[in-house]
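The values are calculated or read from the model by the stated rules, or taken from the named source; none is laboratory data. Everything numeric here is computed off the predicted structure, so don't read it as measured data. Please note: Cβ atoms are built from the backbone with ideal geometry, for glycine as well, and neighbour counts cover all protein chains shown.
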Amino acid sequence: MSDDRRLTGPAQVTAHDSPLWEVFVRPRRGLSHTHVGSLHAPDAALALRNARDLYTRRQEGVSIWVVPATAITASSPDEKDAFFDPAADKVYRHPTFYVVPDGVAHL
Amino acid sequence: MYGNDDPAVVSGLLDEVADAERDLRAAADRDLGAIDGEGYFEALLAADQKIEPRDWMPDGYRSTLIRQMAQHAHSEIIGMQPESNWLTRAPSLKRKAILLAKVQDEAGHGLYLYAAAETLGVTRESLYEMLLSGRQKYSSIFNYPTLTWADVGAIGWLVDGAAIVNQVPLCRCSYGPYARAMIRICKEESFHQRQGYEILHTLAHGTPAQKSMAQDAVDRWWYPSLAMFGPPDTDSTHSERSMAWKIKRFTNDDLRQRFVDMCAQQVTVLGLTIPDPALRWNPDRGAYDFTAPDYSELMEVIRGNGPCNRQRIAHRRAAHEDGAWVRDAAAAYAAKRREPVHV
């Protein structure tokens with residue numbers, strides 16, 4: 001019986017079971033969803049409702065995403081490591097790298 | 001309503017919030033090369049760039065921020081109590097709806113700040129526990145009672161006003177999540193201050209009894225509001241290091257002076273007086289001279305001996321315990337919904 005948490009009742013359930021959710025809000029039609037913060041909620045439906053009450057009290061958004069924080073994989077332990085280095089020496093990816101001869105239009 | 005076009009009240013501070021937000025974005029565009037460890041941290045600070053959660057930071061920086069943000073969050077949560085005392089007795093449906101929205105904002109501010117504090121590796125449960133056990137403090141101002149409806153006005157004008165003066169510089173705090181939360185909070189707080197000012201303005205221009213009720217509220221809240229800026233600079237324990245880390249931008253006394261100068265002008269429009277016979281313009285300093293609050297009273301309240309300390313914590317604890325079955329039920333429901341997927 002003790003292995004069935006539905007029978008042992010809610011006494012075993014603590015606040016620790018309320019996971020962290022990251023909240024993304026689309027401010028207006030035509031803009032991307034942007035990270036605005038995080039909150040705790042037991043499930044996705046409640047996370048959405050809490051996010052509405054917490055982050056859009058003044059019509060800050062037309063759409064909300066909530067994502068379990070544990071579902072996010074981050075690129076690196078800090079914000080500045082070698083992960084992004086490969087892009088650093090490839091200036092030829094930018095149009096400004098190229099010399100455009102005089103007299104060329106629409107390039 | 002006069003509130004929206006009265007430039008004296010808050011627009012200067014709101015401009016500063018907007019400036020802080022613009023500078024935050026501008027700093028993000030300035031890139032720093034690869035420097036490791038403490039050198040990188042110091043370089044970011046020197047360049048007015050934001051420290052982000054996964055950056056290396058000194059242990060003291062982390063623990064100072066956790067303490068400050070947690071106490072700030074606790075203050076927002078406890079701060080709901082003095083005002084919610086008047087929710088059921090607001091003089092009109094309009095005033096009630098406004099006050100309800102304001103109290104809801106305070107809850108929201110607490111939650112923004114708890115979430116920002118969690119980015120430093122502390123759990124929400126431990127923060128709640130620190131508040132309920134009294135191991136972390138909240139602003140001493142919320143240990144004073146709200147005796148009349150005019151107190152709701154005085155809290156908005158003076159307490160929220162002092163909070164804004166304290167908080168606007170935090171929009172430039174070096175820790176990114178805190179700065180971003182503060183920008184959001186300060187924008188919302190300006191409504192709080194204006195609604196308080198409007199309540200006092202209405203009362204002060206009402207019957208003689210209403211006016212004296214407004215004056216009585218200002219008389220009682222003035223010095224506790226001055227004390228919100230903390231002990232004088234000579235006694236402030238955390239100031240110097242926090243300034244070096246750009247967590248704090250101005251000293252307690254500088255911010256207190258700024259608040260006094262604002263209020264001295266605003267009180268004349270209300271037609272009320274600040275309960276300080278020594279308050280007068282000093283042309284040499286370019287600021288108002290004023291009587292300092294009773295710091296021994298502040299220390300007594302911080303020690304737990306204010307008028308409402310026990311009541312505030314007892315109420316918070318009861319609310320937390322009374323809500324346990326809701327949290328348990330929601331968690332049990334979520335667990336039940338998850339189970340069939342895994343079977």
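Note on the range B:199-251: residues that are in contact with a Pro (Cβ under 7 Å, 6 or more places away or on another chain) and basic (Lys, Arg) total 1. Going by the structure shown, is A:His40 at pLDDT 95 or above and either more than 11 Å from chain B (Cβ to nearest Cβ) or in contact with a helix residue (DSSP H, G or I) (Cβ under 8 Å, 6 or more places away or on another chain) (or both)? Answer is yes for this residue. Against the conditions (1) under 30 Å from B:Ser140 (Cβ atoms); (2) within 14 Å of chain A (Cβ to nearest Cβ), B:Thr291 satisfies every one except (2). If you go through the range B:216-234 and keep only what is surrounded by fewer than 21 Cβ atoms within 10 Å (Cβ to Cβ) and touching a residue at least 40 places away in the same chain (Cβ under 8 Å), you end up with B:Asp216, B:Asp219, B:Arg220, B:Tyr223, B:Pro231, B:Pro232.
Residue by residue, here is whether (1) modelled with pLDDT of 95 or more; (2) of a type in the set (Gly, Ala, Ser); (3) in contact with a strand residue (DSSP E or B) (Cβ under 6 Å, 6 or more places away or on another chain) holds:
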position	(1), (2), (3)
B:Ile141	yes, no, no
B:Ile155	yes, no, no
B:Ala217	yes, yes, no
B:Trp222	yes, no, no
B:Gly230	no, yes, no
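Within the range B:314-321, the presence of at least one residue that is closer than 30 Å to A:Asp43 by Cβ and among the small types (Gly, Ala, Ser) is confirmed.
For the range A:47-58, filtering for residues that are touching a strand residue (DSSP E or B) at 6+ places or on another chain (Cβ under 9 Å) and either surrounded by 17 or more Cβ atoms within 10 Å (Cβ to Cβ) or among the basic types (Lys, Arg) (or both) leaves 7.
Taken over the range B:263-286, residues that are closer than 15 Å to B:Trp222 by Cβ and assigned to a loop (DSSP other than H, G, I, E, B) amount to 8. Out of B:Leu127, B:Leu99, B:Leu111, one residue alone is at pLDDT 95 or above, over 22 Å from B:Val159 (Cα atoms) and in a helix (DSSP H, G or I). It is B:Leu127. Screening the candidates B:Ala335, B:Ala314 for the property of being within 14 Å of chain A (Cβ to nearest Cβ) and assigned to a helix (DSSP H, G or I) yields one hit, B:Ala335. Quick check, is B:Arg62 of a type in the set (Lys, Arg), surrounded by fewer than 18 Cβ atoms within 10 Å (Cβ to Cβ) and in contact with a Pro (Cβ under 7 Å, 6 or more places away or on another chain)? Against the criterion (of a type in the set (Lys, Arg), surrounded by fewer than 18 Cβ atoms within 10 Å (Cβ to Cβ) and in contact with a Pro (Cβ under 7 Å, 6 or more places away or on another chain)), B:Arg62 does not qualify. If you go through the range A:76-105 and keep only what is surrounded by 10 or more Cβ atoms within 10 Å (Cβ to Cβ), modelled with pLDDT of 80 or more and among the polar types (S, T, N, Q), you end up with nothing.
Among the residues of the range B:141-164, just one is touching a Leu at 6+ places or on another chain (Cβ under 6 Å) and either surrounded by fewer than 24 Cβ atoms within 10 Å (Cβ to Cβ) or of a type in the set (Lys, Arg) (or both), namely B:Ile164.
Remark: B:His192 matches the filter, which requires a residue to be out of contact with any strand residue (DSSP E or B) (no Cβ under 6 Å at 6 or more places or on another chain) and at pLDDT below 95. Looking at the range B:80-98, is at least one residue among the charged types (D, E, K, R), within 12 Å of chain A (Cβ to nearest Cβ) and surrounded by 16 or more Cβ atoms within 10 Å (Cβ to Cβ)? Within the range B:80-98, not a single residue is among the charged types (D, E, K, R), within 12 Å of chain A (Cβ to nearest Cβ) and surrounded by 16 or more Cβ atoms within 10 Å (Cβ to Cβ).
When you go through B:Arg303, B:Arg258, B:Arg280, B:Arg249 one by one, which is the residue that is on the phi < 0 side of the Ramachandran plot, within 19 Å of the chain's Cα centre (by Cα) and either of a type in the set (Gly, Ala, Ser) or surrounded by fewer than 18 Cβ atoms within 10 Å (Cβ to Cβ) (or both)?
Numbers: B:Arg303 fails: within 19 Å of the chain's Cα centre (by Cα); B:Arg258 fails: either of a type in the set (Gly, Ala, Ser) or surrounded by fewer than 18 Cβ atoms within 10 Å (Cβ to Cβ) (or both); B:Arg280 fails: within 19 Å of the chain's Cα centre (by Cα).
Sole residue among the options that is on the phi < 0 side of the Ramachandran plot, within 19 Å of the chain's Cα centre (by Cα) and either of a type in the set (Gly, Ala, Ser) or surrounded by fewer than 18 Cβ atoms within 10 Å (Cβ to Cβ) (or both): B:Arg249.
Any residue at all in the range B:56-79 that's at pLDDT 95 or above, touching a Phe, Trp or Tyr at 6+ places or on another chain (Cβ under 6 Å) and in a loop (DSSP other than H, G, I, E, B)? For the range B:56-79, residues at pLDDT 95 or above, touching a Phe, Trp or Tyr at 6+ places or on another chain (Cβ under 6 Å) and in a loop (DSSP other than H, G, I, E, B): present. Inspect the range B:103-112 for any residue being over 29 Å from B:Met243 (Cβ atoms), in contact with a helix residue (DSSP H, G or I) (Cβ under 9 Å, 6 or more places away or on another chain) and more than 10 Å from chain A (Cβ to nearest Cβ) and give the result as yes or no. Yes: one or more hits.
Among the residues here, B:Ser242 qualifies as in a helix (DSSP H, G or I), on the phi < 0 side of the Ramachandran plot and touching a Lys or Arg at 6+ places or on another chain (Cβ under 6 Å).
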